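Chemist: Before we start, here is the structure in question, set down as structure tokens.
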Amino acid sequence: MDHAIRLKRLRFRSWHRGTKEADLMIGGFFDRHHQDWTPEQTDWFEALLEEQDVDIMAWAIGTQPCPPRWEGPMMQTMRDLDFVPIAK
């Protein structure tokens, strides 16, 4: 699949999760970081999107232990939560 098309699909899937909270966390993470991802990191994110939103969010905010498959630099970046827009 063409890389640009793949990114468009990932952006859509990131921002259409089912809840506003998941959209902001997962979509915001994608928007902030995807341009710097290696192909392996893009693969990681694409696979992560197959997980349930409540699980992804729980792993990212630390309310549930993160499975070893997802633990690593990408999840740590997601945990930083510096990409979630906050209205002022």
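The values are calculated or read from the model by the stated rules, or taken from the named source; none is laboratory data. Model, not experiment: these values are computed from the prediction. Every residue, glycine as well, gets a Cβ built from its backbone with ideal geometry; the counts of neighbours run over all protein chains shown.
Chemist: Could you give me the residue pairs with C-beta distances under 7 Å whose first residue belongs to the range 37-64 and is free of Cβ contacts under 8 Å to residues at least 60 places away in the same chain, whose second residue is exposed (fewer than 11 other Cβ atoms within 10 Å of the Cβ) wherever it lies, and which are 6+ apart or on separate chains?
Modeler: D53/G18
Chemist: If I go through the range 49-76 residue by residue, how many of them are assigned to a helix (DSSP H, G or I) and either touching an Asp or Glu at 6+ places or on another chain (Cβ under 7 Å) or under 18 Å from D23 (Cβ atoms) (or both)? Explain how you work it out, then say what you get.
Modeler: Of all residues in the range 49-76, those assigned to a helix (DSSP H, G or I) come to 53-61, 73-76.
Imposing the further condition that a residue be either touching an Asp or Glu at 6+ places or on another chain (Cβ under 7 Å) or under 18 Å from D23 (Cβ atoms) (or both) reduces the set to 53-61.
Residues in the range 49-76 being assigned to a helix (DSSP H, G or I) and either touching an Asp or Glu at 6+ places or on another chain (Cβ under 7 Å) or under 18 Å from D23 (Cβ atoms) (or both): 9 in total.
Chemist: Does any residue in the range 1-21 that is more than 22 Å from M57 (Cβ to Cβ) come within less than 9 Å, Cβ to Cβ, of a residue that is modelled with pLDDT of 90 or more and among the aromatic types (F, W, Y) six or more places away or on a different chain, and which pairs are these?
Modeler: L7/F30
Chemist: Further question: Which members of the range 18-48 meet the condition of being outside any helix (DSSP H, G or I) and under 16 Å from G72 (Cα atoms)?
Modeler: Keep residues of the range 18-48 that are outside any helix (DSSP H, G or I), which gives 18-19, 37-38.
Answer for the range 18-48, where residues must be outside any helix (DSSP H, G or I) and under 16 Å from G72 (Cα atoms): W37, T38.
Quick grid of which residues meet (1) at negative phi; (2) more than 12 Å from the chain's Cα centre (by Cα); (3) not basic (K, R):
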residue: A4; (1), (2), (3): yes, yes, yes
residue: G18; (1), (2), (3): no, yes, yes
residue: D31; (1), (2), (3): yes, no, yes
residue: A47; (1), (2), (3): yes, no, yes
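Chemist: Considering F29, F45, F12, which residue is of a type in the set (A, V, I, L, M, F, W, C) and touching a helix residue (DSSP H, G or I) at 6+ places or on another chain (Cβ under 6 Å)? Full working, then the answer.
Modeler: Working: F45 fails: touching a helix residue (DSSP H, G or I) at 6+ places or on another chain (Cβ under 6 Å); F12 fails: touching a helix residue (DSSP H, G or I) at 6+ places or on another chain (Cβ under 6 Å).
Being of a type in the set (A, V, I, L, M, F, W, C) and touching a helix residue (DSSP H, G or I) at 6+ places or on another chain (Cβ under 6 Å) holds for just one of F29, F45, F12, which is F29.
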